[in-house]
1. Mind jotting down the distance between the C-alpha centroids of the range 46-88 and the range 114-151, whole Å?
2. Going by average Cβ neighbours within 10 Å, how do the peptides 346-357, 149-160, 379-390 rank, with the highest at the top?
3. What does the extension gain come out to for His121 and Val151, with contour length at 0.36 nm per residue minus their alpha carbon separation?
4. At R0 = 51 Å, how high is the FRET efficiency between Tyr140 and Leu37 if r is their beta carbon distance? Nearest 0.05 is fine.
5. Set the Förster distance to 30 Å, then compute FRET efficiency between Asn217 and Ala318 from the Cβ-Cβ distance, nearest 0.05.
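None of the figures in this text is laboratory data; all of them are computed from the coordinates on show. Predicted model, so just to flag it, every value in this text is computed and none were measured. Here the Cβ positions follow ideal geometry from the backbone for every residue, glycine too, while neighbour counts run over all protein chains shown.
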Amino acid sequence: MGNYSTCPIIDGLSDHDAQSITLLSFNQRPPPKKCMLIRKMSEHSINDFLKLSCESWDTIFSTDDVNTRKMFNSFLYSYLKIFYSSFPLKRIHVNNNNNNNNNNNNKIKRITLGILTSCKHKRELFIASRNSNYSDLINYYKKYCKILSAVIKEAKKLNYADKIKKSFNKNKTIWDTVNLETNKTDNTERTDHLYLDGNTISDCQEIANAFNKYSLNIAKSINSKQNEPSSHKTENITPLHYLMQSFKNPFPNINLKSTSTRETENIIKSLKPKHSSGYDGISTKLVKIRSPFISSPLAHICNKSQSSGIFPDCLKYAIVKPLYKKGDKSKISNYRPISILSSFSKILEKVMYNQLQEHLNKYGILAEEQFGFRADSTTNKAMYKLINETLNALIVN
């Protein structure tokens with residue numbers, strides 16, 4: 001049994017010493033490294049992507065059918081051809097401890113040289129005072145610990161405040177900070193098996209099929225419940241019925257306008273620069289890089305889609321991922337599906353959204369009580385209106 005040795009370590013963090021064990025002969029194979037394919041964006045590759053400016057897009061402007069290979073499919077093919085040549089796939093090794101390292105880096109980002117020096121001095125004071133009966137030294141050590149804790153706490157507050165201020169999605173950054181401080185695990189971790197109908201499923205394809213079937217059945221069950229006859233007549237009245245009663249005159253028809261190249265380019269610029277991508281592998285961050293070279297063909301596709309009432313079939317595909325909520329990860333009911341759409345579909349949707357929003361605001365179709373999904377309207381305004389009207393009603397009564 002002489003294959004190891006142990007010794008105590010005084011770390012200065014606890015009254016109990018840490019124990020170190022050294023294995024003198026221990027053979028273990030390192031875990032296999034995981035590999036993944038990514039498209040790295042560098043200054044050279046981005047400059048090479050300028051080849052997109054040489055594309056004429058003749059086949060797109062020469063047809064009126066949105067779904068033929070001569071319009072959107074042709075646009076996507078030409079774009080992807082240049083995209084693949086400028087950003088080739090590269091194989092990289094993934095460290096299993098990357099997530100933990102990133103979390104640790106986030107926690108200690110604001111630890112300055114002064115804090116590190118103070119922590120070292122704290123350990124020295126701990127070692128000096130642990131076996132000492134000198135009361136002044138012990139009280140000084142306790143006071144020093146309180147001051148150092150306050151300094152570290154303030155540094156963390158400044159770090160998180162700086163991250164939230166610079167973040168594009170402040171709500172997400174706030175929740176990431178809360179999860180980091182409460183040591184919540186990452187919910188994106190994949191499950192390797194599912195319990196379904198008393199059976200254990202471990203095959204990846206079977207798991208995917210189970211999630212797909214479960215999601216479809218949820219939608220069907222919701223629709224069937226809505227169509228069920230009810231004994232109460234008032235429950236059959238839809239919210240649209242009350243909305244129609246609020247207006248004496250019928251709604252005017254919407255007149256769709258042709259979008260311009262500049263408007264399309266502004267819509268592309270307004271997209272959030274995200275790294276996530278749909279089935280085509282093109283992220284919104286990449287689309288924004290060379291937006292002037294694709295705004296003209298995209299504007300033409302948008303106009304033809306609106307005039308014909310046809311949305312390109314290629315843009316109807318989405319990557320559906322099950323997002324873990326809480327509870328047992330092996331239970332399929334603890335997941336909800338999210339759809340990752342193509343970046344180009346968001347552009348067409350935004351064009352239609354802008355015209356629909358303009359029509360609704362012009363004729364005052366939306367009720368004043370509608371606060372969600374409207375510009376210059378927040379939950380704070382909704383809360384203020386509710387509290388204000390409640391207080392006014394109490395005063396009158």
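1. The range 114-151 and the range 46-88 have Cα centres separated by 66 Å.
2. Working: 346-357: 17.6, 149-160: 13.8, 379-390: 10.8.
Per-residue Cβ counts within 10 Å, averaged per peptide and sorted highest first, yield 346-357, 149-160, 379-390.
3. On the way: separation 30, 0.36 × 30 = 10.80 nm, distance 1.44 nm.
Roughly 9.4 nm would be gained on extension.
4. On the way: r = 57 Å, r/R0 = 1.13.
Calculated transfer efficiency: 0.35.
5. Values: r = 19 Å, r/R0 = 0.62.
The computed FRET efficiency comes out at 0.95.
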